[in-house]
Amino acid sequence: MSTDTEVAARASWSSIVREGETLTITDLHGNQAVDFLVYDAHDTSVRYSAPDTIHAQGGIFLTTGSVLMSNEHTPLMTVTADGVGRHDTVGGACSKESNTLRYGHHTYAQHACVDNFLAEGARHGLGKRDLVSNINWYMNVPVEKDGTLGIVDGLSAPGLSLTLRAERDVLVLVSNCPQINNPCNGFEPTAVRMTIDEAGAA
Amino acid sequence: MAATATTYGARAHARAQEGARAEAMPVVPARDWQDPPCEAGHLVWAETVAGGNYTHRVLARGTELRLTDLHGDACAHLLLHVDGRPWERLNVADTVKVQWNAYLGEGVLLLSDQGRVLASVVADTAGRHDALCGTSTLVRNTERYGDGSPQSASPAGRELFKLAAAKNGLEPRDLPPSLSFFQGVEVRDDGTLDFTGSAGPGGSVTLRAEQDVTVLIANVPHPADPRPGYVSTPLEVLAWRAAATRPGDPLWDATPEGRRAFLNTAEFLTARGLA
(Lines give C-alpha, C1' and ligand atoms only; values in the text may rest on other atoms or scores of the structure.)
Protein backbone atom coordinates (compact mmCIF):
# COMPACT_ATOMS: atom_id res chain seq x y z
CA MET A 1 0.00 0.00 0.00
CA SER A 2 1.15 3.48 -0.78
CA THR A 3 -0.08 6.89 0.33
CA ASP A 4 0.77 9.93 -1.66
CA THR A 5 0.40 13.59 -0.63
CA GLU A 6 1.39 16.73 -2.45
CA VAL A 7 2.57 19.43 -0.04
CA ALA A 8 1.92 22.87 -1.44
CA ALA A 9 4.51 25.62 -1.57
CA ARG A 10 5.12 27.03 1.96
CA ALA A 11 2.89 24.38 3.59
CA SER A 12 3.59 21.96 6.44
CA TRP A 13 2.97 18.21 6.67
CA SER A 14 3.33 15.45 9.22
CA SER A 15 2.80 11.72 9.46
CA ILE A 16 3.64 8.64 11.46
CA VAL A 17 5.92 6.35 9.46
CA ARG A 18 5.92 2.81 10.85
CA GLU A 19 9.07 0.74 11.32
CA GLY A 20 10.12 -0.70 7.97
CA GLU A 21 7.97 1.67 5.92
CA THR A 22 9.67 4.09 3.56
CA LEU A 23 9.07 7.78 2.99
CA THR A 24 9.99 9.20 -0.41
CA ILE A 25 10.28 12.95 -0.79
CA THR A 26 10.06 14.13 -4.40
CA ASP A 27 11.27 17.59 -5.40
CA LEU A 28 8.56 18.12 -8.04
CA HIS A 29 9.84 21.37 -9.55
CA GLY A 30 13.50 21.29 -8.46
CA ASN A 31 15.61 23.24 -5.98
CA GLN A 32 13.05 23.17 -3.16
CA ALA A 33 14.32 22.90 0.44
CA VAL A 34 12.37 20.54 2.68
CA ASP A 35 12.88 21.22 6.40
CA PHE A 36 12.50 17.95 8.28
CA LEU A 37 12.27 16.81 11.91
CA VAL A 38 11.78 13.24 13.10
CA TYR A 39 10.79 11.90 16.55
CA ASP A 40 10.33 8.50 18.11
CA ALA A 41 6.56 8.18 17.69
CA HIS A 42 6.18 6.65 21.16
CA ASP A 43 8.53 8.96 23.08
CA THR A 44 8.96 12.34 21.45
CA SER A 45 11.70 13.32 23.92
CA VAL A 46 13.81 11.04 21.70
CA ARG A 47 14.20 13.07 18.54
CA TYR A 48 16.52 13.82 15.63
CA SER A 49 19.93 15.07 16.71
CA ALA A 50 21.99 16.91 14.14
CA PRO A 51 25.22 16.57 16.18
CA ASP A 52 24.75 12.84 16.82
CA THR A 53 24.04 12.30 13.12
CA ILE A 54 27.09 14.35 12.13
CA HIS A 55 29.59 12.65 14.42
CA ALA A 56 28.14 9.17 13.88
CA GLN A 57 28.85 9.40 10.16
CA GLY A 58 31.87 11.69 10.43
CA GLY A 59 30.56 14.46 8.18
CA ILE A 60 27.96 17.16 7.70
CA PHE A 61 26.35 16.11 4.38
CA LEU A 62 23.62 13.48 4.15
CA THR A 63 23.19 11.03 1.27
CA THR A 64 22.49 7.33 0.61
CA GLY A 65 23.53 5.29 3.64
CA SER A 66 23.30 8.16 6.11
CA VAL A 67 21.56 7.18 9.34
CA LEU A 68 19.49 9.84 11.09
CA MET A 69 20.43 9.47 14.77
CA SER A 70 18.45 10.48 17.84
CA ASN A 71 19.69 12.51 20.80
CA GLU A 72 20.14 9.14 22.57
CA HIS A 73 22.34 7.98 19.68
CA THR A 74 19.85 5.44 18.35
CA PRO A 75 18.82 5.17 14.67
CA LEU A 76 15.55 6.79 13.61
CA MET A 77 15.66 6.55 9.79
CA THR A 78 18.16 5.58 7.08
CA VAL A 79 18.57 7.22 3.67
CA THR A 80 18.15 4.28 1.27
CA ALA A 81 18.12 6.18 -2.03
CA ASP A 82 19.16 9.68 -3.03
CA GLY A 83 19.14 11.27 -6.48
CA VAL A 84 20.92 14.42 -5.37
CA GLY A 85 23.96 13.45 -3.27
CA ARG A 86 24.09 16.19 -0.68
CA HIS A 87 21.68 17.44 1.96
CA ASP A 88 22.17 19.84 4.86
CA THR A 89 22.49 19.10 8.60
CA VAL A 90 23.82 22.45 9.78
CA GLY A 91 21.61 25.36 8.75
CA GLY A 92 18.46 24.59 10.72
CA ALA A 93 15.16 26.27 10.04
CA CYS A 94 14.39 29.79 8.94
CA SER A 95 12.31 31.74 11.43
CA LYS A 96 10.74 35.17 11.48
CA GLU A 97 13.23 36.07 14.22
CA SER A 98 16.40 34.75 12.59
CA ASN A 99 15.31 36.38 9.31
CA THR A 100 15.48 39.78 11.05
CA LEU A 101 19.16 39.07 11.76
CA ARG A 102 19.99 37.62 8.37
CA TYR A 103 18.22 40.09 6.11
CA GLY A 104 16.67 42.89 8.13
CA HIS A 105 13.49 43.68 10.00
CA HIS A 106 11.53 44.17 6.77
CA THR A 107 11.37 40.35 6.45
CA TYR A 108 9.49 39.81 9.71
CA ALA A 109 6.08 39.49 8.06
CA GLN A 110 7.25 36.70 5.74
CA HIS A 111 6.44 33.02 6.14
CA ALA A 112 9.06 30.90 7.90
CA CYS A 113 9.73 27.25 8.73
CA VAL A 114 9.70 27.53 12.53
CA ASP A 115 6.09 28.77 12.39
CA ASN A 116 5.22 25.75 10.22
CA PHE A 117 6.95 23.41 12.69
CA LEU A 118 5.16 24.99 15.67
CA ALA A 119 1.76 24.74 14.01
CA GLU A 120 2.26 21.21 12.69
CA GLY A 121 3.92 20.02 15.92
CA ALA A 122 1.03 21.34 18.01
CA ARG A 123 -1.25 18.85 16.23
CA HIS A 124 0.85 16.12 17.89
CA GLY A 125 1.20 17.74 21.32
CA LEU A 126 4.66 19.16 20.59
CA GLY A 127 5.63 22.67 21.67
CA LYS A 128 8.47 25.07 21.19
CA ARG A 129 10.85 23.19 23.48
CA ASP A 130 10.46 20.17 21.18
CA LEU A 131 11.99 21.92 18.16
CA VAL A 132 15.68 21.29 17.54
CA SER A 133 18.12 21.79 14.66
CA ASN A 134 16.60 20.05 11.64
CA ILE A 135 17.58 18.48 8.34
CA ASN A 136 17.18 20.49 5.14
CA TRP A 137 16.67 18.05 2.31
CA TYR A 138 17.92 19.39 -1.06
CA MET A 139 19.62 22.37 0.63
CA ASN A 140 23.32 22.94 -0.06
CA VAL A 141 25.41 24.41 2.78
CA PRO A 142 29.16 24.11 2.18
CA VAL A 143 31.81 25.11 4.75
CA GLU A 144 34.96 26.85 3.50
CA LYS A 145 38.47 26.34 4.92
CA ASP A 146 38.12 29.39 7.17
CA GLY A 147 34.78 28.19 8.48
CA THR A 148 32.66 30.45 6.29
CA LEU A 149 29.35 28.72 5.82
CA GLY A 150 26.38 29.66 3.74
CA ILE A 151 23.31 28.48 1.91
CA VAL A 152 24.13 28.41 -1.82
CA ASP A 153 22.41 27.25 -5.00
CA GLY A 154 20.92 23.80 -4.65
CA LEU A 155 21.96 20.66 -6.55
CA SER A 156 18.47 19.30 -7.08
CA ALA A 157 16.36 19.26 -10.24
CA PRO A 158 12.70 18.66 -11.08
CA GLY A 159 11.60 15.13 -10.22
CA LEU A 160 14.62 14.12 -8.14
CA SER A 161 13.81 12.27 -4.96
CA LEU A 162 15.22 10.62 -1.87
CA THR A 163 13.92 7.73 0.19
CA LEU A 164 14.12 7.13 3.94
CA ARG A 165 13.41 3.87 5.75
CA ALA A 166 11.97 4.10 9.26
CA GLU A 167 14.10 2.12 11.74
CA ARG A 168 11.29 2.32 14.32
CA ASP A 169 7.87 3.98 14.44
CA VAL A 170 8.59 7.66 13.89
CA LEU A 171 6.72 10.93 13.69
CA VAL A 172 7.90 13.14 10.83
CA LEU A 173 7.30 16.91 10.68
CA VAL A 174 7.97 18.78 7.45
CA SER A 175 8.02 22.45 6.57
CA ASN A 176 8.16 22.93 2.83
CA CYS A 177 10.47 25.90 3.09
CA PRO A 178 8.84 29.29 2.33
CA GLN A 179 12.13 31.22 2.42
CA ILE A 180 12.42 33.80 -0.37
CA ASN A 181 15.66 35.55 0.63
CA ASN A 182 18.21 32.83 0.02
CA PRO A 183 18.79 30.36 -2.81
CA CYS A 184 17.63 27.27 -0.87
CA ASN A 185 14.62 27.06 -3.16
CA GLY A 186 15.67 29.34 -5.98
CA PHE A 187 13.86 32.21 -4.21
CA GLU A 188 10.56 30.62 -5.24
CA PRO A 189 8.89 28.00 -3.01
CA THR A 190 7.32 25.10 -4.93
CA ALA A 191 5.40 21.93 -4.08
CA VAL A 192 6.90 18.57 -3.07
CA ARG A 193 5.40 15.08 -2.83
CA MET A 194 5.47 12.77 0.20
CA THR A 195 4.98 9.06 -0.51
CA ILE A 196 4.79 6.43 2.23
CA ASP A 197 5.19 2.79 1.16
CA GLU A 198 4.55 -0.22 3.35
CA ALA A 199 7.43 -2.39 4.51
CA GLY A 200 9.00 -4.37 1.71
CA ALA A 201 7.43 -2.31 -1.09
CA ALA A 202 9.66 -0.81 -3.75
CA MET B 1 34.19 1.59 70.00
CA ALA B 2 35.06 3.57 66.90
CA ALA B 3 34.92 7.37 67.17
CA THR B 4 32.10 7.51 64.61
CA ALA B 5 29.88 4.94 66.35
CA THR B 6 27.87 7.70 68.04
CA THR B 7 26.00 10.70 66.65
CA TYR B 8 28.41 13.01 68.48
CA GLY B 9 31.43 11.24 67.07
CA ALA B 10 30.03 11.15 63.53
CA ARG B 11 29.23 14.87 63.75
CA ALA B 12 32.72 15.70 64.93
CA HIS B 13 34.23 13.57 62.17
CA ALA B 14 32.15 15.30 59.50
CA ARG B 15 32.85 18.78 60.83
CA ALA B 16 36.58 18.12 60.98
CA GLN B 17 36.58 17.93 57.18
CA GLU B 18 36.00 21.66 56.75
CA GLY B 19 39.02 23.25 55.17
CA ALA B 20 39.98 20.16 53.17
CA ARG B 21 41.19 21.01 49.68
CA ALA B 22 40.94 19.04 46.41
CA GLU B 23 42.01 20.03 42.92
CA ALA B 24 38.41 19.98 41.68
CA MET B 25 35.98 21.83 43.93
CA PRO B 26 34.02 25.06 44.24
CA VAL B 27 35.54 27.89 46.27
CA VAL B 28 32.86 29.52 48.43
CA PRO B 29 32.71 32.45 48.73
CA ALA B 30 34.17 32.98 45.27
CA ARG B 31 36.03 36.09 46.44
CA ASP B 32 38.39 33.79 48.35
CA TRP B 33 39.82 32.61 45.01
CA GLN B 34 43.51 33.41 44.80
CA ASP B 35 44.52 35.79 42.02
CA PRO B 36 41.10 36.74 40.55
CA PRO B 37 41.09 38.00 36.93
CA CYS B 38 38.85 40.94 37.86
CA GLU B 39 38.42 43.72 40.36
CA ALA B 40 38.60 42.47 43.95
CA GLY B 41 35.21 41.39 45.23
CA HIS B 42 33.61 41.05 41.78
CA LEU B 43 34.09 37.29 41.48
CA VAL B 44 30.74 35.45 41.74
CA TRP B 45 31.67 31.89 40.75
CA ALA B 46 34.97 30.08 41.26
CA GLU B 47 35.09 26.36 40.67
CA THR B 48 37.34 23.69 39.25
CA VAL B 49 35.21 21.03 37.57
CA ALA B 50 36.64 17.51 37.60
CA GLY B 51 37.03 15.54 34.38
CA GLY B 52 33.79 13.60 33.80
CA ASN B 53 31.76 16.03 35.90
CA TYR B 54 29.35 18.91 35.45
CA THR B 55 28.32 22.25 36.88
CA HIS B 56 25.61 24.86 36.42
CA ARG B 57 24.83 28.40 37.55
CA VAL B 58 22.44 31.23 36.75
CA LEU B 59 24.41 34.29 35.67
CA ALA B 60 23.09 37.84 35.57
CA ARG B 61 23.27 39.84 32.35
CA GLY B 62 26.68 41.47 32.13
CA THR B 63 28.52 38.70 33.99
CA GLU B 64 31.69 37.45 32.33
CA LEU B 65 32.48 33.73 32.45
CA ARG B 66 36.01 32.45 31.83
CA LEU B 67 36.57 28.77 31.13
CA THR B 68 40.15 27.49 31.28
CA ASP B 69 41.47 24.13 30.10
CA LEU B 70 43.97 23.63 32.93
CA HIS B 71 45.82 20.50 31.76
CA GLY B 72 44.94 20.37 28.06
CA ASP B 73 42.25 17.69 28.03
CA ALA B 74 39.18 19.53 29.26
CA CYS B 75 36.20 19.84 26.93
CA ALA B 76 33.50 22.24 28.10
CA HIS B 77 30.15 21.21 26.59
CA LEU B 78 27.86 24.19 27.09
CA LEU B 79 24.15 25.02 26.95
CA LEU B 80 22.40 28.31 27.70
CA HIS B 81 18.75 28.93 28.55
CA VAL B 82 17.23 32.29 29.46
CA ASP B 83 16.62 32.26 33.21
CA GLY B 84 12.90 31.94 33.88
CA ARG B 85 12.00 31.53 30.20
CA PRO B 86 13.84 28.34 29.23
CA TRP B 87 11.97 28.01 25.96
CA GLU B 88 14.36 30.71 24.76
CA ARG B 89 17.66 28.86 24.56
CA LEU B 90 20.87 28.42 22.60
CA ASN B 91 20.25 27.64 18.94
CA VAL B 92 23.44 26.27 17.41
CA ALA B 93 22.03 26.26 13.86
CA ASP B 94 21.11 29.94 14.06
CA THR B 95 24.46 30.70 15.71
CA VAL B 96 26.46 29.33 12.76
CA LYS B 97 24.02 30.22 9.97
CA VAL B 98 23.28 33.82 10.95
CA GLN B 99 27.00 34.60 11.44
CA TRP B 100 28.04 32.76 8.26
CA ASN B 101 30.65 30.73 10.14
CA ALA B 102 30.82 27.19 11.46
CA TYR B 103 33.68 27.86 13.89
CA LEU B 104 33.61 29.47 17.31
CA GLY B 105 36.06 32.14 18.41
CA GLU B 106 36.44 35.68 19.69
CA GLY B 107 33.62 37.93 18.53
CA VAL B 108 31.11 35.13 17.96
CA LEU B 109 27.65 35.70 19.43
CA LEU B 110 25.80 32.75 20.96
CA LEU B 111 22.30 33.29 19.60
CA SER B 112 18.95 32.19 20.92
CA ASP B 113 16.17 30.91 18.68
CA GLN B 114 14.41 34.28 19.09
CA GLY B 115 16.81 36.42 17.08
CA ARG B 116 18.57 37.63 20.23
CA VAL B 117 21.97 37.27 21.90
CA LEU B 118 22.40 35.05 24.95
CA ALA B 119 26.15 35.52 25.33
CA SER B 120 29.17 36.87 23.44
CA VAL B 121 32.61 35.29 23.12
CA VAL B 122 34.80 38.21 24.21
CA ALA B 123 38.17 36.42 24.42
CA ASP B 124 39.64 33.16 23.16
CA THR B 125 43.20 31.92 23.49
CA ALA B 126 42.43 28.28 22.56
CA GLY B 127 40.91 28.39 19.08
CA ARG B 128 39.84 24.74 19.15
CA HIS B 129 36.09 24.56 19.58
CA ASP B 130 33.14 22.82 17.98
CA ALA B 131 29.56 23.67 17.07
CA LEU B 132 28.84 20.53 15.02
CA CYS B 133 29.26 17.32 17.03
CA GLY B 134 27.38 18.04 20.25
CA THR B 135 28.10 15.94 23.30
CA SER B 136 28.44 12.25 24.12
CA THR B 137 25.60 9.84 24.92
CA LEU B 138 25.02 6.83 27.15
CA VAL B 139 24.82 4.51 24.13
CA ARG B 140 28.07 5.71 22.59
CA ASN B 141 30.06 5.85 25.82
CA THR B 142 28.90 2.35 26.75
CA GLU B 143 30.09 1.13 23.33
CA ARG B 144 33.39 2.98 23.54
CA TYR B 145 34.34 2.95 27.23
CA GLY B 146 32.14 0.25 28.76
CA ASP B 147 29.78 2.63 30.57
CA GLY B 148 28.30 6.09 30.18
CA SER B 149 26.16 6.49 33.26
CA PRO B 150 26.77 9.49 35.51
CA GLN B 151 28.26 7.49 38.40
CA SER B 152 30.58 5.48 36.15
CA ALA B 153 34.20 6.26 35.34
CA SER B 154 33.14 7.44 31.86
CA PRO B 155 30.01 9.60 32.18
CA ALA B 156 28.32 10.77 28.97
CA GLY B 157 27.78 14.49 28.46
CA ARG B 158 24.07 14.11 27.77
CA GLU B 159 23.56 12.19 31.02
CA LEU B 160 25.32 14.94 32.97
CA PHE B 161 23.33 17.63 31.12
CA LYS B 162 20.11 15.84 32.18
CA LEU B 163 21.16 16.13 35.83
CA ALA B 164 22.24 19.76 35.51
CA ALA B 165 18.97 20.51 33.68
CA ALA B 166 16.86 18.78 36.34
CA LYS B 167 18.45 20.92 39.04
CA ASN B 168 17.15 23.94 37.15
CA GLY B 169 13.62 22.63 36.56
CA LEU B 170 14.38 21.46 33.02
CA GLU B 171 13.75 18.10 31.36
CA PRO B 172 15.59 16.04 28.73
CA ARG B 173 13.43 17.64 26.03
CA ASP B 174 14.91 20.99 27.05
CA LEU B 175 18.39 19.89 25.89
CA PRO B 176 19.07 21.04 22.32
CA PRO B 177 22.39 20.54 20.49
CA SER B 178 25.26 21.95 22.57
CA LEU B 179 28.57 23.69 21.87
CA SER B 180 31.94 22.41 23.01
CA PHE B 181 35.02 24.41 23.88
CA PHE B 182 38.69 23.25 23.88
CA GLN B 183 38.33 20.23 21.56
CA GLY B 184 37.75 21.10 17.92
CA VAL B 185 36.78 19.71 14.55
CA GLU B 186 37.39 21.07 11.06
CA VAL B 187 35.26 20.43 7.98
CA ARG B 188 37.00 19.13 4.84
CA ASP B 189 35.81 20.10 1.35
CA ASP B 190 33.74 16.91 1.08
CA GLY B 191 31.95 17.65 4.35
CA THR B 192 33.80 15.06 6.42
CA LEU B 193 35.38 16.07 9.71
CA ASP B 194 38.91 16.20 11.09
CA PHE B 195 39.19 16.07 14.89
CA THR B 196 41.81 18.65 15.85
CA GLY B 197 41.91 17.96 19.58
CA SER B 198 43.06 20.50 22.11
CA ALA B 199 45.34 23.52 21.77
CA GLY B 200 47.10 22.41 24.95
CA PRO B 201 47.09 23.37 28.62
CA GLY B 202 46.10 26.87 29.69
CA GLY B 203 43.77 27.84 26.85
CA SER B 204 40.83 29.92 27.92
CA VAL B 205 37.64 31.35 26.51
CA THR B 206 35.61 34.18 28.04
CA LEU B 207 31.87 34.58 27.50
CA ARG B 208 29.78 37.61 28.45
CA ALA B 209 26.14 37.03 29.42
CA GLU B 210 23.91 39.38 27.41
CA GLN B 211 20.73 38.21 29.19
CA ASP B 212 20.18 36.45 32.53
CA VAL B 213 21.08 32.89 31.57
CA THR B 214 21.20 29.43 33.08
CA VAL B 215 24.57 27.93 32.17
CA LEU B 216 24.88 24.14 31.99
CA ILE B 217 28.41 22.74 31.57
CA ALA B 218 29.51 19.11 31.17
CA ASN B 219 33.28 18.49 31.19
CA VAL B 220 33.61 15.20 29.27
CA PRO B 221 35.61 13.97 26.25
CA HIS B 222 34.51 15.23 22.84
CA PRO B 223 32.39 12.58 21.06
CA ALA B 224 34.85 12.50 18.14
CA ASP B 225 37.92 12.08 20.37
CA PRO B 226 39.55 9.01 18.77
CA ARG B 227 41.59 7.96 21.80
CA PRO B 228 40.52 4.62 23.25
CA GLY B 229 40.72 5.86 26.83
CA TYR B 230 38.32 8.26 28.54
CA VAL B 231 40.60 11.31 28.82
CA SER B 232 39.06 14.23 30.69
CA THR B 233 40.98 16.71 32.84
CA PRO B 234 39.83 19.55 35.10
CA LEU B 235 38.10 22.69 33.83
CA GLU B 236 38.45 25.98 35.68
CA VAL B 237 35.31 28.14 35.81
CA LEU B 238 35.47 31.75 36.99
CA ALA B 239 32.73 34.36 36.65
CA TRP B 240 32.64 37.99 37.70
CA ARG B 241 30.41 41.02 37.55
CA ALA B 242 31.03 43.14 34.47
CA ALA B 243 28.88 45.00 31.91
CA ALA B 244 26.80 43.70 29.03
CA THR B 245 27.77 44.79 25.51
CA ARG B 246 26.44 48.31 24.81
CA PRO B 247 26.10 50.53 21.76
CA GLY B 248 29.56 51.88 20.98
CA ASP B 249 31.33 48.67 21.96
CA PRO B 250 33.19 47.42 18.85
CA LEU B 251 31.39 44.08 19.17
CA TRP B 252 27.98 45.79 18.89
CA ASP B 253 28.69 46.88 15.31
CA ALA B 254 31.14 44.16 14.27
CA THR B 255 28.68 42.66 11.76
CA PRO B 256 25.25 43.73 10.47
CA GLU B 257 23.75 40.45 11.69
CA GLY B 258 25.24 40.92 15.16
CA ARG B 259 24.12 44.54 15.36
CA ARG B 260 20.54 43.51 14.66
CA ALA B 261 20.83 40.73 17.26
CA PHE B 262 21.99 43.26 19.88
CA LEU B 263 19.23 45.69 18.83
CA ASN B 264 16.58 42.96 19.15
CA THR B 265 17.96 42.03 22.58
CA ALA B 266 17.99 45.64 23.78
CA GLU B 267 14.42 46.23 22.60
CA PHE B 268 13.22 43.11 24.35
CA LEU B 269 14.98 43.87 27.65
CA THR B 270 13.94 47.52 27.62
CA ALA B 271 10.29 46.60 27.14
CA ARG B 272 10.53 44.27 30.14
CA GLY B 273 12.20 46.94 32.24
CA LEU B 274 15.35 44.85 32.49
CA ALA B 275 17.81 47.16 30.76
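Place a +1 charge on the Cβ of each Lys and Arg in segment B:1-89 and a -1 charge on the Cβ of each Asp and Glu, then give the dipole magnitude about the Cα centre in debye, rounded to the nearest 20. Provide the component values of the computation, followed by the final result.
Numbers: 9 positive and 11 negative charges, 80 e Å.
Computed charge dipole of segment B:1-89: roughly 380 debye.
Averaged over peptide B:121-133, how many Cβ atoms belonging to another chain are found within 10 Å of each residue's Cβ? Don't skip to the answer; put the middle values down first.
Details: counts 0, 0, 0, 0, 0, 0, 0, 0, 0, 3, 4, 9, 9.
Other-chain Cβ atoms within 10 Å of each residue's Cβ, averaged: 2.
Among the listed pairs A:K96/B:K167; B:K97/B:K162; A:K145/B:K97; A:K128/B:K97; A:K96/A:K145, which are separated by more than 24 Å between their Cα atoms?
Numbers: A:K96/B:K167 32 Å; B:K97/B:K162 27 Å; A:K145/B:K97 16 Å; A:K128/B:K97 20 Å; A:K96/A:K145 30 Å.
Over 24 Å Cα-Cα: A:K96/B:K167; B:K97/B:K162; A:K96/A:K145.
Normalising by the residue count of chain B, find the relative contact order in percent from Cα pairs under 8 Å and 6+ residues apart.
Details: 617 pairs, mean separation 86.6, N = 275.
The value is 31 percent.
Calculate what fraction, in whole %, of the accessible area of chain A sits on carbon and sulfur atoms when a 1.4 Å probe is rolled over the protein chains. Spell out each step's value before the answer.
Working: 3560 of 6960 Å².
The computed percentage sits at 51.
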(message) What number do you get for segment A:2-197 when its Cα radius of gyration is normalised by 2.2 N^0.38 Å, N = residues?
(response) 0.94
(request) Using only protein heavy atoms and a 1.4 angstrom probe, determine the accessible area buried between A and B, summed over both sides, in Å² to the nearest 100. (result) 3800 Å²
(message) Could you tell me the center-to-center distance, by alpha carbons, between segment A:6-20 and segment A:135-202 in angstrom?
(response) 12 Å
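Could you give the dipole magnitude of the protein assembly as shown about its Cα centre, charging the beta-carbon of Lys and Arg +1 and that of Asp and Glu -1, in debye to the nearest 20?
Numbers: 39 positive and 57 negative charges, 242 e Å.
Taking the Cα centre of the protein assembly as shown as origin, the dipole is about 1160 debye.
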(message) At 7 Å along Cα-to-Cβ for each site, give me the label-to-label distance between B:R21 and B:A166 in nm.
(response) 3.4 nm
(message) So if I place +1 on the C-beta of Lys and Arg and -1 on the C-beta of Asp and Glu, and nothing else carries charge, what would the dipole magnitude of segment B:43-270 be about its Cα centre? I want it in debye, nearest 20.
(response) 420 debye
(request) Anything losing 50 Å² or more of accessible area from the isolated chain to the full protein assembly: pick those residues out of segment B:170-184, probe 1.4 Å, ligands and DNA/RNA ignored. (result) B:R173, B:P177
(request) Would you mind classifying the protein assembly as shown by shape? Square roots of the alpha carbon gyration tensor eigenvalues, ordered a ≥ b ≥ c; an a/c under 1.5 is rounded, otherwise it is prolate if a/b is larger than b/c and oblate if not. (result) prolate
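Please give the per residue accessible area of segment A:2-197, computed with a probe of 1.4 Å over protein heavy atoms only, in Å².
Values: 6400 Å² over 196 residues.
That works out to 33 Å² for each residue.
How large a share of the accessible area of segment B:1-60, in percent, is made up of carbon and sulfur atoms when the probe is 1.4 Å and the other protein chains stay in place? Could the numbers behind the result be given before it?
Details: 2160 of 4190 Å².
Heavy-atom surface of segment B:1-60 belonging to carbon and sulfur, 1.4 Å probe: 52 percent.
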(request) Output the relative contact order of chain A, whole-number percent, from Cα pairs under 8 angstrom with separation of 6+ residues. (result) 44 percent
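The values are calculated or read from the model by the stated rules, or taken from the named source; none is laboratory data. Only a predicted model underlies this, so the values are computations on that prediction, with no experimental measurement involved. Virtual Cβ from ideal backbone geometry, glycine too; neighbours counted across all protein chains shown. Calculation scope for accessible area: heavy atoms of the full protein, side chains included, ligands and nucleic acids excluded. Shrake-Rupley method; radii C 1.70, N 1.55, O 1.52, S 1.80 Å.
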